[in-house]
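What follows is a short report on a single structure.
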Amino acid sequence: MRLLMEEELFPSTPGKVKIERAHAFNRQFNRCFASTSTMFLWTLFLIALTVSYLSFKSFVDTGTHYFNLSAVSPSSRAWGGLQWEKHVRTSAQIRRSGGGSGGGASVLVTGAAGFVGFHVSLALRKRGDGVVGLDNFNSYYDPSLKRARRDLLAKSGVFVVDGDVNDARLLAKLFDVVAFTHVMHFAAQAGVRYAIENPASYVHSNVAGLVTLLEACKSADPQPAIVWASSSSVYGLNDKVPFSESDKTDRPASLYAATKKAGEAITHSYNHIYGLSITGLRFFTVYGPWGRPDMAYFSFTRNILQGKPITVYRGKDKRDLARDFTYIDDIVKGCVASLDTAGRSTGSGGKKRGAAPYRIFNLGNTSPVTVPELVGILERHLKVKAKKNVVEMPGNGDVPFTHANVSRARAQLGYKPATDLDAGLKRFVKWYLSYYGYNRKTGM
Ligand SMILES: O=C(O)[C@H]1O[C@H](OP(=O)(O)OP(=O)(O)OC[C@H]2O[C@@H](n3ccc(=O)[nH]c3=O)[C@H](O)[C@@H]2O)[C@H](O)[C@@H](O)[C@H]1O
């Protein structure tokens, strides 16, 4: 039918096009719309077609706007509807009184199916705060681990919305349904070295996603206070140790670091213009149970158990690399204390009404450990020797060491890291073996 119509309406001889097109169109029009009932049916059909096209287009636009992000933004999203709103409302309900913020909090946790977001959501729920999660379940690493975290959260009464922080309509809907007191923003493209492979995903999540979220927060009434995950990587090539918040952070060594540094500048501007209360947390190589499979301690464990070699990077002049590895429970305490001390956002209706807090804290462990030492501890807990392949650190964004000064967090948050790497890795290994077993293959 379509071919026939095209052939009749658009003949291939150029000189005849206009006249024949008009005649052919008239004939076709008379045949098709001879009766008003046929015309009515055609109109209905065209309206339905237009509506489906528009909703499909807006669906695609919100997920994968600028880049090819199939690895980071799965396109099957389902949100909205009465039942969905009921889940969101129930999950946001506060079940306690009192507490550091003068009453329970109702918190939107982005990246709730991620490592830190998962643990923080559990901790908040446990003490009776209302928690609604948001996560896009992307495939940067094994999404089944994210789904397992989500299932555990569901058992504790935390509903995780399947959606992206770049989806402005979804965020507006969430703030419409719940008057969130706080947003804990952990959704991000993590990983230092992956930025070489997929730079666009860092801009998409850590810059565009952050701005979309801040726009939603600034317009919300009441405005929530925001606590978000920055990174120790902002110190970049800083060689003054330990790293303090007052040190310069203008020499990032990776695109990941540059996007986190951009995030600190962007949040500052929203604090300044709209009166949003902002707390940025510079996490130092966080590890522990339910961790991220892309990180060294996790992938080393998998390879050691599977008898596969591990690659250990080494710095210039054969110097070992070192990290201020920080245990997840310490980080969770720092996050919760940040929420409790955040202070209020002052704006409403997108207008600033007064100055609001802008804070940055290091959350580290204050005692760096070298990568070969990390491997030694894992070997001991796993009771298996690693097959080490020591190579010079490739120039892909790594920094030689990190070391946190946490005196500001200690003074203002009561932050006091309590778990050393040995004790923390012991708990990680116990979890790993119970989750994966000795031989099961783990995805990335
Ligand atoms: O604090 C942060 O802000 C960041 O911490 C984390 O980054 P990193 O400190 O780089 O952790 P991680 O990859 O575990 O490598 C650890 C060490 O192992 C070395 N390393 C790594 C891989 C490998 O195969 N071999 C190796 O020697 C490697 O050279 C390094 O010396 C988070 O991933 C990041 O998202 C961000 O949050």
*For segment 308-355, which residues satisfy the criterion of being among the hydrophobic types (A, V, I, L, M, F, W, C) and more than 16 Å from the ligand (Cβ to nearest atom)?*
Val336, Ala337, Leu339, Ala342, Ala355
*Of the numbered conditions (1) within 15 Å of the ligand (Cβ to nearest atom); (2) under 25 Å from Val375 (Cα atoms), Val406 satisfies every one except a single condition; which is it?*
(2)
*Would you list the helices (runs of 4 or more DSSP H) that sit entirely within segment 200-307 and hold 3 or more residues that are within 30 Å of Val371 (Cα to Cα), under 15 Å from the mean Cα position of the chain (by Cα) and within 12 Å of the ligand (Cβ to nearest atom)?*
255-274
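So is Ile360 more than 10 Å from the ligand (Cβ to nearest atom) and under 22 Å from Tyr235 (Cβ atoms) or not? Break it down into steps so the answer makes sense when it comes.
Values: more than 10 Å from the ligand (Cβ to nearest atom): yes; under 22 Å from Tyr235 (Cβ atoms): yes.
The answer is yes for Ile360.
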_Looking only at segment 371-403, filter to residues that are part of a loop (DSSP other than H, G, I, E, B) and either of a type in the set (A, V, I, L, M, F, W, C) or buried (at least 19 other Cβ atoms within 10 Å of the Cβ) (or both); which one of those is farthest from the ligand (Cβ to nearest atom)?_
Val384
*Yes or no: Val429 among the hydrophobic types (A, V, I, L, M, F, W, C) and either modelled with pLDDT under 95 or more than 25 Å from Ala257 (Cα to Cα) (or both)?*
yes
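The values are calculated or read from the model by the stated rules, or taken from the named source; none is laboratory data. Computed from a predicted model, the values in this text were never measured in an experiment. We place every Cβ from the backbone using ideal geometry, glycine too, and count neighbours over all the protein chains shown.
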